[in-house]
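Undergrad: Pasting a structure below so you can have a look.
The values are calculated or read from the model by the stated rules, or taken from the named source; none is laboratory data. Predicted model, so just to flag it, every value in this text is computed and none were measured. Methodologically, a virtual Cβ is constructed for each residue, glycine included, from the backbone with ideal geometry; neighbour enumeration extends over all protein chains shown.
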Amino acid sequence: MRTIVRGQNFEVPEVDRRYVEAKLHRLDRLLGERAEATAELRVERHRSAATSHVVAVKLDLDGRPPIHGSARASTHRAAADEIIDLLERRAVDQKERLREPDHPGAPSTRSGVEPEPVPGADGSRRVVKVKRFALEPMFEEDAVARMEELGHSFFVFVNAEDERVNVLYRRRDGDYGLIEPVVGGEYAVGRVRRRA
């Protein structure tokens, strides 16, 4: 796997560069020789010393979606330890998903023919997976950065300004959109009347 380690506005010490490269090579067996890893190291002075050193990694995989991740710690080496463990789990998850027969990127059981989707008993689509995760309050800029880091096209978060759930999404023109859900319609009218 080809690896690139660079600093953002500073020269990466050779000892840190070698450490991060060695850690990235742990992923060789999962990703193969045609993958490319880019690690960017930076120091954020406005943060506390315990989280001021950041290692952000992007894994470009041969014909598969890229994997992104970043970690913060008191040193670049500690952040590299954290991010490599995370990326290893994501790479394994992605590999397993691609093996599932109903995954769009998985090889088809019939030559060149994708499997037909299986509808519900009444012919309608159904929910086949539920995902639960903790929402942490953050500002819009942080949500954009986190969405980009994850490589997703949308991101659900609690807006730190008003403590309401928001949905950030990438628009076709490359900009971002923000959905701020509000309870409305008949549901809200009925609730107001009952309270009065």
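Undergrad: Do we find a residue being in contact (Cβ under 8 Å) with a residue 12 or more places away in the chain and surrounded by fewer than 12 Cβ atoms within 10 Å (Cβ to Cβ) anywhere in the stretch 37-44?
TA: No: zero hits.
Undergrad: Which of the strands (runs of 3 or more DSSP E) contained wholly in the stretch 105-196 include at least 3 residues that are modelled with pLDDT under 55 and surrounded by 10 or more Cβ atoms within 10 Å (Cβ to Cβ)?
TA: Working: elements: 154-159, 165-170, 176-179.
Where strands (runs of 3 or more DSSP E) fall fully within the stretch 105-196, none carries at least 3 residues being modelled with pLDDT under 55 and surrounded by 10 or more Cβ atoms within 10 Å (Cβ to Cβ).
Undergrad: Can you name the residue in the stretch 21-55 that is out of contact with any His (no Cβ under 9 Å at 6 or more places or on another chain) and polar (S, T, N, Q) and, of all such residues, is nearest to A73 (Cα to Cα)?
TA: T51
Undergrad: Given L30, L24, L86, L61, which one is within 17 Å of R146 (Cα to Cα) and surrounded by 12 or more Cβ atoms within 10 Å (Cβ to Cβ)? Don't jump to the end; show me each part of the working.
TA: Working: L30 fails: within 17 Å of R146 (Cα to Cα); L24 fails: within 17 Å of R146 (Cα to Cα); L61 fails: within 17 Å of R146 (Cα to Cα).
Being within 17 Å of R146 (Cα to Cα) and surrounded by 12 or more Cβ atoms within 10 Å (Cβ to Cβ) holds for just one of L30, L24, L86, L61, which is L86.
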